[in-house]
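The block underneath contains the structure these notes are about, expressed in structure tokens.
Bear in mind these aren't lab numbers, they're just calculated from the coordinates by the rules spelled out. From a predicted model like this one, the values you see are computed outputs, not experimental measurements. When we count neighbours, we look across all protein chains shown, and the Cβ atoms used for this are built from the backbone with ideal geometry, even at glycine.
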């Protein structure tokens, strides 16, 4: 296996596999492309290529990884093996290689920088403060160790070369804090339009800094990421990217960044750091990658990342755990399937899970006969096996997620539901099933009708 070298190769594969909708109509990056991404996310479920972004000679690709089939194409595996392959490959680190030059350097602009003249950044929602880069990988170097790091961060284009950055996630936020303590700016590269392995690595958990995300990307694609050095900043950037913006995050400055319609489904505004861009690099005829907040793609990617990292940790900590899902339904809700061996055990598991992560606001525990991938079955278990006076767990004054608008300074209450069968009453709660032999026979007969 040797994965895609760049975004363009992956787009071609999507086209060849019938997973790409191509739109020739002229649509504006201000609201209209975002509206089309939302509309098509709810109806076609396919990736979308906008060939004519009004005012630009730069097409826009969106809803890129918004289905399990496209994630499978990104990893070059069958859909049922996406999670296990992702977990395995992110542990098989491959160091990047430095090359002398790359396609991202085909066009270099360093005078009279005006980001919106070059990049069709989208204004996504009605009350957004302005155009946002939502798929931006930010690359920087640790001021102490010199280690290279990256992560995905939302970026508001505030003026021609001025940006606002939400640096909540590590490691870039930590790098900036160290530079700011010294009164120095942090050199950054904002990278747009990369191959799917590099993009997935940017949002993956690096286990508290133990893993390097460029090396994780190498593992995902089965070969090293190519990096090219930049003379003025000392940073090494992805050679095959569509765009790279070089700049600095300024110390001691905070400005309003937002409102922005986040993946939580609400507008949020923060006082965040400010940066300036001094150089734009891009390929000939570049392609802009847009990530639409509050779309199915966000939930799918969140589930992949959390099931591969947090889910693995939980299975080590909870021997009874047989399956795990994270869903944005009911808030950030963890769905837990267990092999119950004692009464009281589900509530102990619920408390452990709810206390383990600020992201998880709610949790539901079910038995092994409930399919976590089918929310109808989870709802069925809650409706028929849960009694609120007996099976509801409430925890107050817990650390919550910063993107939850109902939390008070990130302090929240959390709840858990025990929707498991009482032990000793298996016959009363036996789930109806069609005989397996009959199901296998009709499946082989009917499968061809629906392919």
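Quick notes on this one:
- Highest-first arrangement of 224-233, 391-400, where packing means the average Cβ count within 10 Å: 224-233, 391-400
- Helix axis angle, 375-385 relative to the chain longest principal axis, alpha carbon, degrees: 40 degrees
- Take every pair of alpha-carbon atoms less than 8 Å apart whose residues are at least six positions apart; their mean separation over the length of segment 83-177 yields a relative contact order of 20 percent.
- Length gained when the stretch residue 114-residue 392 is fully extended (0.36 nm per residue, less Cα-Cα span): 94.6 nm
- Relative contact order for the chain, counting Cα pairs under 8 Å that sit 6 or more residues apart, in percent: 15 percent
- Segment 33-48 and segment 79-96: distance between their alpha carbon centers, rounded to Å: 28 Å
- Here each label is just a point 7 Å from Cα along the line to Cβ, and for residue 210 and residue 342 those points are 2.8 nm apart.
- Each peptide in 88-98, 183-193, 239-249, 349-359 gets a packing score, the mean of other Cβ atoms within 10 Å over its residues, and the list from highest to lowest is 239-249, 183-193, 349-359, 88-98.
- Relative counts (whole %) of C-alpha pair distances in segment 263-356, using bins that are 5 Å wide: 2, 10, 16, 15, 13, 12, 10, 8, 6, 4, 2, 1, 0
- Taking all pairs of distinct alpha-carbon atoms in segment 124-251, Kirkwood radius in angstrom: 15.0 Å
- Value at 222 nm in deg cm²/dmol, rounded to 500, when DSSP H runs of n ≥ 4 in the chain each add -39,500 (n - 2.57): -8000 deg cm²/dmol
- By the count of neighbouring beta-carbon atoms within 10 Å, fewest first, 278, 389 end up ordered 389, 278.
- Extension gain (nm, one decimal) between residue 375 and residue 408, 0.36 nm per residue minus Cα-Cα: 8.9 nm
- Rounded to the nearest 0.05, the FRET efficiency derived from the C-beta distance between residue 23 and residue 68 at R0 = 30 Å is 0.80.
- For segment 1-126, the mean projected area of the C-alpha convex hull, equal to one quarter of the hull surface, is 10.5 nm².
- Degrees between helix 7-16 axis and first principal axis of the chain (Cα, 0 to 90, nearest 10): 50 degrees
- Sorted largest first, extent of segment 7-298 alpha carbons per principal axis (Å): 51, 42, 37
- Across all directions, the shadow cast by the convex hull of segment 309-418 built on its C-alpha atoms averages 6.7 square nanometres.
- Among 144-151, 60-67, the order from most to least packed when residues are scored by Cβ within 10 Å on average: 60-67, 144-151
- Using a Förster distance of 60 Å, the FRET efficiency for residue 355-residue 284 (Cβ separation, nearest 0.05): 0.70
- Inter-centroid distance (Cα atoms) of segment 5-22 relative to segment 210-286, Å: 23 Å
- Using 0.36 nm per residue and subtracting the Cα-Cα separation, the extra length available between residue 181 and residue 443 on full extension is 88.0 nm.
- Degrees, to the nearest 10: 296-308 long Cα axis against longest axis of the chain: 70 degrees
- At q = 0.22, 0.24 Å⁻¹ the log10 of I(q)/I(0) for segment 302-365 amounts to -0.86, -1.03, computed by Debye summation with a single uniform scatterer per C-alpha, solvent ignored.
- Antiparallel bridges, percent of DSSP beta bridges restricted to the chain (to nearest 5): 75 percent
- Relative contact order (%) - segment 196-327, alpha-carbon pairs under 8 angstrom, separation at least six: 17 percent
- 18 Å reach of a label modelled at residue 35, 7 Å along Cα-to-Cβ, counting backbone N of segment 126-158: 126-132
- Sorted by Cβ density within 10 Å, fewest first, the residues 27, 200: 27, 200
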